[in-house]
Every structure is written in C-alpha cells, then in structure tokens.
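J.: Before I ask anything, let me first share the structure, which is written out below as structure tokens.
Just so you know, all these numbers are worked out from the coordinates, no wet-lab data involved. Just so it is clear, the structure is predicted and the values come from calculations on it, not from any experiment. Positions of Cβ are backbone-derived with ideal geometry, glycine not excepted, and every protein chain shown enters the neighbour counts.
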Amino acid sequence: IVVAYDHKRGEAENGRKKFRKNEDRNALGHGDCIDCFQCVNVCPTGIDIRNGTQLECVNCTACIDECDTIMEKIDLPKGLIRYASEDNIERKAKFTFNPRLKGYAAVLTILIGVLIGMLFLRNDLEANILRLPGQLYEHKEGNIISNVYTYKLINKTSEDIDDVSFKLLSHKGKIDLVSHRRFQVPAQELAEGTLFIEINNAALNGDKDKLKIGVYSGDLLIETTTARFLAPRSYN
C-alpha cells in the first residue's frame, strides 16, 4: 500500500482532459483527472505521481490533500490519489487483513504494551554509583575498610527531590558524602559528587563484595542501586 494515482479512473479510455463546464466527460471517454498539475505543484520533490510510484516519493500525502480539494470543487468523488495497492487499482480488490498484517499488528501491540509498562514502572530518580577509577581501598583503624565512589543522580521528574541521602542496605557500615550529608536534586537535572563507604572487614564475605545502596528522600526509599566494594584478599 503506497500513495498511488488511480490511473483506471483518472485516464479512462481517452486519457485525462482539462475541465470544462457542462461537458459530459464519461461520454467523451475521458477520466476524472483534469490535468490541473496541482499534485505536481505541491509535491516537495517535484515528481508527478500520475507516472506511477517513484523512488523520490516521501509519502507526505500533499498530493492526496490537493487532489481531494480539486475533486470537491468539480463535484467528483475524492480518492483519485490515495493510499492504495496495485490490486486495489487494477482489480478493485478490497483491503484484507492478511496473516502478515496480523503479525505486524501483534508485534506492534506487544511493543506498545512494553512501552506503556516501561513508562509506568520507571523510577523518578536514576542512580549510578561507581568506584573512583584507579583507587583501591584504604585500611583504617579498627579493621575498617574504606572505598571511594562517585555518584550521579538524574531527576526525571518536573519537581525537586529534597533531603536526599544514601544508606547501606546489604551490609553494616556508613556512607560519608564529601561535601554534605543531605542535598537536593533539581527537577530534570543531574546531581553528582563523591562519597566514601566504610565497612568493618569482619562484615565482608570476600575481596569484592556487592553492595546494595538505598537512595532516600527524607525517610522515603526512592531508588536502589549496587556497587562493588574492594577489600583485602583472604588466603585462609
């Protein structure tokens, strides 16, 4: 199905002809096309759709609109240029919902469902916490292991997210922000900075533990993310 000119109707037996009032075009064997060239004039690529489907056609349908306007003015049925298939023009075959179109419709329905689901399930805040490149761990007093991270928080909403803080959910330990403890993420903007995570070595299961970190707005958990925590390797 493409933007097509109905040559059967437009040309008839003796081709197209300029419009004249009180003229019986059917008796003269002329088609409904009055050779006004309006379809050519409005085409952004300058093609004549009456010469058949062409590579330059961008399916803008400007020719359809203009031709329908002309048909209305001369009291002829619209649709001389329309979306149609070759069978529809040659044999007047009606549109059928064949198995291929059913497959396309099913795929489109699934994709729309996935898109709607993603829109409803997406979080208001996107959080990324990554270890600072090139840094290992720091061994502090009391068998405390410290890692340094950078964080990026993206606010996807049109409202500010206030009183933002981080908490460890998977291990006992603490998170210290470099500049401040709580902060605000402006609407539709990015907040980033640096933080330290300190955990007692006895609470770790290996040299690369996976941490679960919660992002809170006040006392409300709004997002969770994960990060790797490096610690001394044990050979026991």
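J.: Relative to the longest principal axis of the C-alpha atoms of the chain, give the angle of the C-alpha long axis of helix 99-121, reported between 0 and 90° and rounded to the nearest 10°.
T.: Roughly 40 degrees between the two axes.
J.: Please compute the length gained on full extension between Leu169 and Thr224, using 0.36 nm multiplied by the number of residues separating them and subtracting their Cα-Cα distance.
T.: 18.9 nm
J.: Sticking with this structure for a sec: List the trypsin sites (Lys or Arg not before Pro) within region 81-114 that fall in a DSSP loop (any state other than H, G, I, E or B) and whose Cβ has at most 16 other Cβ atoms within 10 Å. Walk me through the intermediate numbers first.
T.: Numbers: sites: Arg82, Arg91, Lys92, Lys94, Arg100, Lys102; in loops: Arg91, Lys92, Lys94.
Passing sites in region 81-114 are Arg91, Lys92, Lys94.
J.: If you don't mind, another one. State log₁₀ I(q)/I(0) for the chain at q = 0.07, 0.08 Å⁻¹ as given by the Debye formula over alpha-carbon point scatterers of equal weight, solvent excluded.
T.: At q = 0.07, 0.08 Å⁻¹ the computed log10 ratios are -0.55, -0.60.
J.: What three numbers, in Å, describe the spread of the alpha carbons of region 2-107 along their principal axes, ordered from the longest?
T.: So the three principal-axis extents are 52, 30, 21 Å.
J.: Let me ask something additional. What translational diffusion coefficient, to the nearest whole µm²/s, does region 63-164 have by Stokes-Einstein, given a Kirkwood radius computed over alpha-carbon pairs, a temperature of 20 °C and 1.002 mPa s viscosity?
T.: In µm²/s, the coefficient is 101.
J.: Pop a pseudo-label 7 angstrom from the Cα along the beta-carbon direction at both Ala187 and Ile112 and give the gap in nm to one decimal.
T.: 3.1 nm
J.: I've got another one for you. GluC sites (Glu not before Pro), restricted to region 149-204: which are DSSP loop and have at most 13 other Cβ atoms within 10 Å?
T.: Glu159, Glu189
J.: List the Cys residues of the chain that have no partner Cys with a C-beta closer than 4.7 Å.
T.: Result for the chain is Cys33, Cys36, Cys43, Cys57, Cys60, Cys67, no neighbouring Cys Cβ within the cutoff.
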